[in-house]
Amino acid sequence: MNLIATAVPFFLLAIAAEWLWGRVSGRDTYRLNDSISSLTLGGLSQARRFVALGIGGSVYAWLMTITPFAPWRLDGWMGWVLAFILYDLCYYWSHRAGHEIKLFWASHVVHHQSEDYNLSTALRQTSTGFLFGWIFYTPLFFIGVPGEMMVTVGALNLIYQFWVHTEHVGELGWFEYVFVSPSNHRVHHARNTCYLDRNYGGVFIVWDRLFGSYQREQPSEPCVYGITTPIRSWSPWEAWVHVYRDMLSDMWRTTSWRHRVLVPFSHPAWKPSDLANEVSTESLTAFSKFDPQVTVARKLSGAMNLLLITAILVVAQQFDVLHGYEAIAWGMMLWLGIANAALLNNARSTVFKGLEIVRSVVLVGCALQLSALWALATLPAVTLTLGWIFLDGDGDAGEAADATS
């Protein structure tokens, strides 16, 4: 059973509850465009499993075929507890590398781009983590953690991390000394200088205390969220590639061969000496959130399509890895649908009208593959999409707002 996919409905209910609590208490931490962007990237990270097992799973399976297993095999409840703890230790070092080494940051940066901090931010996940993240977990194989146990404790680790992405829970006393909490994880997501590169633990904050990366949240220093060089776009493509692109650009443009080799393994803030004058960050005092204005129809269209595709994704978790035309159809539906849900908020509608029509057709086709009832359920979303396409104009007003934001 895919625990992450099973937990998605509960995640969405929790997001709705947090939003409602924020509205009632007068402290709403949500913006529709930012939340759609986060859920878009989370959906895309889950959609990838329909067309690929992933490098990590493949490597683990390969190790099991060519290498004698560890002299012992973890089992029983004590084995599960030990595997859970050891997985979090591996996660700590994977997460730390994801902040302190540019090649790994290029993938992990997606999770930190949101300029809001709420439960939807927890679902903002990368789709390229499979490239290198598996490296940090292979030691679990050699100490006797079976593959199915590693997958399960990994899912539980990720599910735990969901609830700490909130501004509505303060410090929790003794809990702060052992476990990752909303307070110490807010520090991790802040772009304040004093908070950068701190609090890497997934479940246990003890690793940060042991290895010198702990920082307590300071009442005198409110957290400002996001990355130090904002991308100012809702485009999933820009979210995925901007650090990879900048990294390759630095490697191409520097005149030092030594620096070309060092760039991927340097700290994310480092640049070759002959390019150092290009380093710039947005000050906290001048910081303003990226918030282009678009019509209500487009916002509702993006939100409805995203929720519908999320529902189909949850139902379709029963499928194994797809092949042939099925993989192509589901891949098109998920990637076009989820990506366009975010692109609708980019204030440039004309470019995506054709893609939206294609996506609507593929969406109905994939829903028919589930059942006629699912196909009927897509009609309100398709109707709303066609409505903004033909009634929303060319988006000039939105583009003007975007240009001045």
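Descriptive notes on the structure:
- Placed amide H near F179: partners under 5 Å, 5+ positions off or other chain: I205
- Cβ-defined net charge surrounding P219, 15 Å radius [Lys, Arg +1; Asp, Glu -1]: -3
- Take 270-278, 164-172, 86-94 and order them by the average number of nearby Cβ atoms within 10 Å per residue, most first; the result is 86-94, 164-172, 270-278.
- Computing FRET efficiency as 1/(1 + (r/R0)^6) for Y244 and L196, where r is the C-beta to C-beta distance and R0 is 25 Å, gives about 0.75.
- Three-way shape call for segment 70-167 based on the alpha-carbon gyration tensor, with the a/c threshold at 1.5: oblate
- Gyration tensor (alpha-carbon) shape descriptor, segment 129-242, a/c threshold 1.5: oblate
- Amide proton proximity set for K289, modelled H, under 5 Å, gap of 5+: none
- Inter-part distance where segment 107-134 and segment 4-47 are each reduced to a Cα centre, Å: 14
Values in this text are rule-based calculations from the coordinates and carry no lab data. If you're wondering where the values come from, they're calculated on a predicted model, not measured in any experiment. Reconstructed Cβ throughout: ideal geometry from the backbone, glycine too, with neighbour counts over all protein chains shown.
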